[in-house]
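Visitor: Dumping the structure here so I can ask a few things about it.
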Amino acid sequence: MGEALTKKNRFLSSLTEGNSTHSYAALKELEHLDFPNRKTEDWRYTRVAPLINKLLRQSAVRPETENFYIPQLQSHKIVFSNGNLIKNEVADNNRITIKKLETSDLLLNSQASIDEIFTTINTAYTHGGIYIHLDKNTILEKPIEIIHLIDGQNTFAQIRKLIVLEQGAEAQIVEGYYSSETGLSFTNAVSEIIVKDNAKLHLDKIQFESEEHWHINSEYVYQESNSNFTINTITLNGGTVRNGLNISVDGNNCETNLNGLYLLKGKQHVDNHTKVDHKQPHCTSSELYKGMIDDQATGVFNGKVFVREDAQKIEAFQQNSNILLSENASMNAKPELEIYADDVKCSHGSTTGQFDDEALFYLKSRGISEKNAHALMAAGFAEDVLVNVTNEFIKLHINKLLKERFNWEL
Amino acid sequence: MLRINDLHASIEGKKILNGITLEVNAGEIHAIMGPNGSGKSTLASVIAGKEEYEIESGEILFNNEELTELKPEERAREGVFLAFQYPVEIPGVSNINFLRTALNEKRAHQGLDPMAAKEFLALVKEKAALVQLDDKLKNRSVNEGFSGGEKKRNEIFQMAMLNPKLAVLDETDSGLDIDALRIVAHGVNTLKSAENATIVVTHYQRLLDYIVPDFVHVLYNGKIVKTGSKELALELEEKGYDWIKQELGEEIQA
């Protein structure tokens with residue numbers, strides 16, 4: 001116990017050296033919280049001990065970010081370099097606010113969990129944040145493009161986002177997480193997202209950091225009536241990646257779409273935890289997570305759906321499909337439904353298998369090499385998820401990263 | 001072009017082919033007929049290189065090269081084509097992308113550059129018209145949601161695109177209505193030349209009214225037990241496969 005406490009404090013003080021806190025309440029919470037260990041059910045397959053043993057630091061170095069913009073995409077650009085907000089293109093419309101996040105911003109900390117340690121570290125010691133606010137009925141014409149670049153010098157980047165869409169507002173946001181070099185670093189990102197009555201948010205998240213990188217991403221989404229929230233989480237690289245999506249659906253007639261694609265190799269470990277809490281009736285939520293896992297990589301999918309007692313006429317669908325490409329690859333999938341209402345339609349399914357031999361032979365019998373046959377089938381497998389990335393330039397960009405990562409020549 | 005000598009093959013320890021000998025020359029059409037379970041589809045799969053089958057003895061020479069030493073994709077690039085009895089559905093892989101990859105791999109093997117996009121699309125248009133393949137099917141996922149007839153026409157469309165030296169059609173006629181059968185046969189006949197050869201594997205004589213064979217072979221218990229002209233197919237149709245069995249029985253007794 002004493003040793004664990006020392007480790008925790010040593011790790012925390014290395015992260016926060018020289019920074020004063022933004023939230024004494026969070027700081028107080030931190031005293032009571034421990035890092036998850038193998039007994040923590042929610043983190044059973046993702047071990048954080050190797051991270052906690054490291055000494056990290058915040059960095060004022062700003063790696064060059066120009067090369068990381070999505071080609072041809074017309075967008076409002078926001079750039080974080082090693083966790084520092086370095087570019088913030090103010091929208092050309094006074095109904096849209098995009099600015100540095102201040103502790104005084106209303107609704108900050110209204111959604112984030114206080115009993116999850118990484119979120120609370122972020123709340124206590126955020127050093128870079130952005131606030132995006134769309135006034136009532138404001139439709140964003142161009143997407144907001146957020147680039148996160150981090151080096152590999154034991155850097156610790158804490159990023160906080162607060163995104164508020166007022167009634168009837170619509171926006172598309174694409175986030176890209178990249179490394180400027182190999183080497184260990186740690187990104188701890190927290191987003192609070194509020195989608196008000198009849199508003200619509202589409203979020204594409206691309207994760208492409210180095211194979212040594214740690215990435216913990218926690219999203220807290222609150223949906224009001226008639227709102228629509230879609231997130232596509234596309235994980236193409238990264239050492240240990242943990243995505244925690246927490247969606248609170250607190251209004252009638254909402255639509256929630258959570259899609260994920262993870263293509264892993266080497267020793268990567270990617271963990272997607274989703275939680276959809278249906279508190280009100282007449283809503284639809286749909287989840288599709290697909291993964292392809294090679295070498296000694298491991299994947300985790302845990303999808304929780306709660307349907308509260310008064311949340312009748314809910315339709316909640318969840319599907320997780322995995323392809324293992326090597327004998328040493330593994331996948332842990334766990335869907336969890338907790339339903340307290342009696343008039344609902346809920347389904348979940350999870351499959352883990354290999355590529356279809358008949359299909360491989362069919363492709364090869366036309367002269368296609370094994371490598372290209374795999375690439376074609378992998379791209380086909382991914383397409384089910386990527387079809388939800390509706391912006392063609394973003395999709396082209398993802399496909400380009402995919403080809404780079406897996407040396408596909410097609 | 002193709003010379004099969006005393007070929008024995010098995011799957012999971014079960015012997016299927018018991019000494020096939022067959023010679024197919026350029027410009028010829030051969031029909032292989034036989035009752036269910038006689039080894040027709042196995043022969044087609046073994047020529048294409050399906051890995052599950054084990055070649056126990058014998059040889060398959062394709063233009064004097066031992067085919068069994070080549071991988072399926074290498075055989076295809078050399079000019080072997082199998083039209084599948086059950087074309088496989090491949091979700092998410094577009095028919096066009098699939099064909100472009102196949103064609104360009106074959107061209108690379110021949111030392112040619114990838115085909116220019118414009119030229120490729122013109123070729124697609126020309127060959128799709130040959131089997132009246134709907135425009136929208138070309139952009140859909142391979143065989144996904146295709147009707148039975150569309151799948152078979154898609155096989156012949158691929159054959160037209162890849163222009164093989166040896167085409168093996170595995171029960172391409174099964175389950176086709178007469179209109180689809182005519183379209184498929186028209187495609188095959190149009191593609192026929194003095195430089196290529198076709199092996200038609202079928203259970204029914206009907207197809208051979210439209211694709212007229214130079215030779216008909218009857219396969220039974222993994223062996224070619226009878227070879228004749230196109231009239232043999234008519235005789236089989238009339239007398240049924242039991243006739244072959246009886247005739248064989250008599251031979252054995254004699």
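Visitor: Pairs needed: first member in the stretch A:94-106, outside any loop (DSSP other than H, G, I, E, B); second member anywhere, open to solvent by less than 20 Å² (accessible area, probe 1.4 Å) and polar (S, T, N, Q); C-beta distance under 7 Å; at least 6 residues apart or different chains.
Guide: A:I96/A:T138
Visitor: Separate question: Which of the following residues is at pLDDT 90 or above and not in a loop (DSSP other than H, G, I, E, B): A:P71, A:P50? Break it down into steps so the answer makes sense when it comes.
Guide: Working: A:P71 fails: not in a loop (DSSP other than H, G, I, E, B).
The conditions single out A:P50.
Visitor: For the stretch B:68-92: of the residues being free of Cβ contacts under 8 Å to residues at least 60 places away in the same chain and under 20 Å from B:N196 (Cβ atoms), which is farthest from the other protein chains (Cβ to nearest Cβ)?
Guide: B:L70
Visitor: Would the stretch A:250-261 turn up any residue that is on the phi > 0 side of the Ramachandran plot, open to solvent by 10 Å² or more (accessible area, probe 1.4 Å) and touching a residue at least 24 places away in the same chain (Cβ under 8 Å)?
Guide: Residues of the stretch A:250-261 that are on the phi > 0 side of the Ramachandran plot, as a first pass: A:253.
Imposing the further condition that a residue be open to solvent by 10 Å² or more (accessible area, probe 1.4 Å) reduces the set to A:253.
Then keep just the ones that are touching a residue at least 24 places away in the same chain (Cβ under 8 Å); that gives A:253.
Yes, there is a match, as at least one residue in the stretch A:250-261 is on the phi > 0 side of the Ramachandran plot, open to solvent by 10 Å² or more (accessible area, probe 1.4 Å) and touching a residue at least 24 places away in the same chain (Cβ under 8 Å).
Visitor: Select from the stretch A:187-200 the residues that are hydrophobic (A, V, I, L, M, F, W, C) and buried (at least 24 other Cβ atoms within 10 Å of the Cβ) and write down the one among them that is nearest to A:P71 (Cα to Cα). Steps first, please.
Guide: Of the stretch A:187-200, the ones hydrophobic (A, V, I, L, M, F, W, C) are A:189-190, A:193-195, A:199.
Then keep just the ones that are buried (at least 24 other Cβ atoms within 10 Å of the Cβ); that gives A:189-190, A:195, A:199.
Details: A:A189: 25, A:V190: 27, A:V195: 29, A:A199: 28 Å.
Among residues in the stretch A:187-200 that are hydrophobic (A, V, I, L, M, F, W, C) and buried (at least 24 other Cβ atoms within 10 Å of the Cβ), the one nearest to A:P71 (Cα to Cα) is A:A189.
Visitor: In addition: Among the numbered criteria (1) in contact with an Asp or Glu (Cβ under 7 Å, 6 or more places away or on another chain); (2) surrounded by fewer than 21 Cβ atoms within 10 Å (Cβ to Cβ); (3) under 16 Å from A:I193 (Cα atoms), which single criterion is violated by A:I139?
Guide: Exception for A:I139: condition (3).
Visitor: Any idea which of B:G34, B:G27, B:G79, B:G92 is over 29 Å from A:H374 (Cβ atoms) and either surrounded by 18 or more Cβ atoms within 10 Å (Cβ to Cβ) or among the aliphatic types (A, V, I, L, M) (or both)? Walk me through how you get there before you give the answer.
Guide: Working: B:G27 fails: either surrounded by 18 or more Cβ atoms within 10 Å (Cβ to Cβ) or among the aliphatic types (A, V, I, L, M) (or both); B:G79 fails: over 29 Å from A:H374 (Cβ atoms); B:G92 fails: over 29 Å from A:H374 (Cβ atoms).
Result of the check over B:G34, B:G27, B:G79, B:G92: B:G34.
Visitor: Looking only at the stretch B:128-151, which residues are assigned to a helix (DSSP H, G or I) and away from chain A (no Cβ under 14 Å)?
Guide: Of everything in the stretch B:128-151, those that are assigned to a helix (DSSP H, G or I) and away from chain A (no Cβ under 14 Å) turn out to be B:A128, B:A129, B:L130, B:D135, B:K136, B:L137, B:K138, B:G148, B:G149, B:E150.
Visitor: On the basis of being within 14 Å of chain A (Cβ to nearest Cβ) and either under 22 Å from B:K192 (Cα atoms) or of a type in the set (V, I, T) (or both), does B:A48 make the cut? Working first, answer last.
Guide: Working: within 14 Å of chain A (Cβ to nearest Cβ): yes; either under 22 Å from B:K192 (Cα atoms) or of a type in the set (V, I, T) (or both): yes.
For B:A48, the condition - within 14 Å of chain A (Cβ to nearest Cβ) and either under 22 Å from B:K192 (Cα atoms) or of a type in the set (V, I, T) (or both) - is met.
Visitor: Sticking with this one: Residue check: is A:K8 modelled with pLDDT of 85 or more, outside any loop (DSSP other than H, G, I, E, B) and assigned by TED's automatic domain parsing to the domain that holds A:T123?
Guide: On the way: modelled with pLDDT of 85 or more: yes; outside any loop (DSSP other than H, G, I, E, B): yes; assigned by TED's automatic domain parsing to the domain that holds A:T123: yes.
Yes: the conditions hold for A:K8.
Visitor: Does any residue of the stretch A:74-86 turn out to be out of contact with any helix residue (DSSP H, G or I) (no Cβ under 7 Å at 6 or more places or on another chain), surrounded by 19 or more Cβ atoms within 10 Å (Cβ to Cβ) and of a type in the set (V, I, T)?
Guide: So far as the stretch A:74-86 goes, yes, one or more of its residues are out of contact with any helix residue (DSSP H, G or I) (no Cβ under 7 Å at 6 or more places or on another chain), surrounded by 19 or more Cβ atoms within 10 Å (Cβ to Cβ) and of a type in the set (V, I, T).
Visitor: For the stretch A:381-395, give me each residue that is within 18 Å of the chain's Cα centre (by Cα) and charged (D, E, K, R).
Guide: Within the stretch A:381-395, just A:K395 meets the criteria.
Visitor: Being over 16 Å from the mean Cα position of the chain (by Cα) and either at pLDDT below 95 or open to solvent by less than 50 Å² (accessible area, probe 1.4 Å) (or both) is the filter here; which residues of the stretch A:269-296 pass it? Quick ask: steps written out before the conclusion?
Guide: Looking only at the stretch A:269-296, we keep the residues that are over 16 Å from the mean Cα position of the chain (by Cα), and these are A:277-286, A:292-296.
Scanning the stretch A:269-296 gives A:D277, A:H278, A:P281, A:C283, A:S285, A:S286, A:M292, A:I293, A:D294.
Visitor: Further, regarding this structure: May I ask you to list the residues in the stretch B:89-104 that are closer than 21 Å to A:W408 by Cβ and either in contact with a Gly (Cβ under 6 Å, 6 or more places away or on another chain) or outside any helix (DSSP H, G or I) (or both)? Steps first, answer last, please.
Guide: We begin by selecting, within the stretch B:89-104, every residue closer than 21 Å to A:W408 by Cβ; these are B:90-104.
Scanning the stretch B:89-104 gives B:I90, B:P91, B:G92, B:V93, B:S94, B:A102.
Visitor: While we're on this one: Kindly indicate whether B:A102 is under 21 Å from the mean Cα position of the chain (by Cα), buried (at least 21 other Cβ atoms within 10 Å of the Cβ), in contact (Cβ under 8 Å) with a residue 40 or more places away in the chain and at the interface with chain A (Cβ under 9 Å from one of its Cβ atoms). Don't jump to the end; show me each part of the working.
Guide: Details: under 21 Å from the mean Cα position of the chain (by Cα): yes; buried (at least 21 other Cβ atoms within 10 Å of the Cβ): yes; in contact (Cβ under 8 Å) with a residue 40 or more places away in the chain: yes; at the interface with chain A (Cβ under 9 Å from one of its Cβ atoms): yes.
Spelling it out, B:A102 is indeed under 21 Å from the mean Cα position of the chain (by Cα), buried (at least 21 other Cβ atoms within 10 Å of the Cβ), in contact (Cβ under 8 Å) with a residue 40 or more places away in the chain and at the interface with chain A (Cβ under 9 Å from one of its Cβ atoms).
Visitor: Tally the residues that are open to solvent by less than 60 Å² (accessible area, probe 1.4 Å) and over 18 Å from the mean Cα position of the chain (by Cα), restricting the search to the stretch A:111-125. Please lay out each step first, then the result.
Guide: Residues of the stretch A:111-125 open to solvent by less than 60 Å² (accessible area, probe 1.4 Å): A:111-113, A:116-125.
If we keep only those that are over 18 Å from the mean Cα position of the chain (by Cα) too, we end up with A:124-125.
Going through the stretch A:111-125 one residue at a time, the tally reaches 2.
Visitor: Related question: Limited to the stretch B:53-73, what total is found for residues that are outside any strand (DSSP E or B), of a type in the set (D, E) and open to solvent by less than 60 Å² (accessible area, probe 1.4 Å)? Explain how you work it out, then say what you get.
Guide: Step one: of the stretch B:53-73, the residues outside any strand (DSSP E or B) are B:63-64, B:67-73.
Then keep just the ones that are of a type in the set (D, E); that gives B:69, B:73.
Within this subset, residues satisfying the condition of being open to solvent by less than 60 Å² (accessible area, probe 1.4 Å) are B:73.
The total comes to 1.
Visitor: Within the stretch B:152-178, track down each residue that is in a loop (DSSP other than H, G, I, E, B) and open to solvent by less than 30 Å² (accessible area, probe 1.4 Å).
Guide: At the first step, the residues of the stretch B:152-178 found to be in a loop (DSSP other than H, G, I, E, B) are B:163-165, B:171-177.
Scanning the stretch B:152-178 gives B:P164, B:E171, B:T172, B:D173, B:L176.
Visitor: Output the qualifying pairs, or none if there are none: Cβ atoms under 9 angstrom, residues six or more apart or on different chains, first residue in the stretch A:396-410 and closer than 17 Å to A:E211 by Cβ, second residue surrounded by fewer than 17 Cβ atoms within 10 Å (Cβ to Cβ).
Guide: Cβ pairs passing all conditions: A:L402/A:W408; A:N407/A:K371.
Visitor: Of the residues A:G176, A:G183, which is assigned by TED's automatic domain parsing to the domain that holds A:T126 and in contact with a Lys or Arg (Cβ under 9 Å, 6 or more places away or on another chain)? Outline the logic, then answer.
Guide: Working: A:G183 fails: in contact with a Lys or Arg (Cβ under 9 Å, 6 or more places away or on another chain).
Checking each option against the conditions leaves just A:G176.
Visitor: Collect the residues in the stretch B:111-134 that are open to solvent by 70 Å² or more (accessible area, probe 1.4 Å) and touching a helix residue (DSSP H, G or I) at 6+ places or on another chain (Cβ under 6 Å), keeping them in residue-number order.
Guide: Result: B:P114, B:Q132.
Visitor: Are there helices (runs of 4 or more DSSP H) fully within the stretch A:297-410 with at least 3 residues that are more than 14 Å from every other protein chain (Cβ to nearest Cβ) and open to solvent by less than 40 Å² (accessible area, probe 1.4 Å)? List them. Don't jump to the end; show me each part of the working.
Guide: Values: elements: A:357-364, A:370-386, A:392-406.
The helices (runs of 4 or more DSSP H) meeting that bar are A:392-406.
Visitor: Do we have A:Q172 as open to solvent by 30 Å² or more (accessible area, probe 1.4 Å) and in a strand (DSSP E or B) here?
Guide: Details: open to solvent by 30 Å² or more (accessible area, probe 1.4 Å): yes; in a strand (DSSP E or B): yes.
Here the answer is yes, as A:Q172 does meet what is asked.
Visitor: Within 11 Å of chain A (Cβ to nearest Cβ), in contact with a helix residue (DSSP H, G or I) (Cβ under 9 Å, 6 or more places away or on another chain), within 25 Å of B:L2 (Cα to Cα) and not β-branched (V, I, T): is that true of B:A108 in this structure? Lay out the reasoning, then the answer.
Guide: Working: within 11 Å of chain A (Cβ to nearest Cβ): yes; in contact with a helix residue (DSSP H, G or I) (Cβ under 9 Å, 6 or more places away or on another chain): yes; within 25 Å of B:L2 (Cα to Cα): yes; not β-branched (V, I, T): yes.
Considered against the rule, which asks whether it is within 11 Å of chain A (Cβ to nearest Cβ), in contact with a helix residue (DSSP H, G or I) (Cβ under 9 Å, 6 or more places away or on another chain), within 25 Å of B:L2 (Cα to Cα) and not β-branched (V, I, T), B:A108 comes out as yes.
Visitor: In the stretch B:10-39, what count of residues is obtained for those that are out of contact with any Ser or Thr (no Cβ under 8 Å at 6 or more places or on another chain), charged (D, E, K, R) and outside any strand (DSSP E or B)?
Guide: Within the stretch B:10-39, the first condition is being out of contact with any Ser or Thr (no Cβ under 8 Å at 6 or more places or on another chain), and the residues that meet it are B:10, B:12-15, B:18-26, B:34-39.
Imposing the further condition that a residue be charged (D, E, K, R) reduces the set to B:12, B:14-15, B:23.
Those left that are additionally outside any strand (DSSP E or B): B:12.
Selection size over the stretch B:10-39: 1.
The values are calculated or read from the model by the stated rules, or taken from the named source; none is laboratory data. It should be emphasised that the depicted structure is a prediction, and the values quoted were computed from it without experimental measurement. Methodologically, a virtual Cβ is constructed for each residue, glycine included, from the backbone with ideal geometry; neighbour enumeration extends over all protein chains shown. Areas reflect the complete protein model, heavy atoms only, side chains present, ligands, DNA and RNA absent. Shrake-Rupley method; radii C 1.70, N 1.55, O 1.52, S 1.80 Å.
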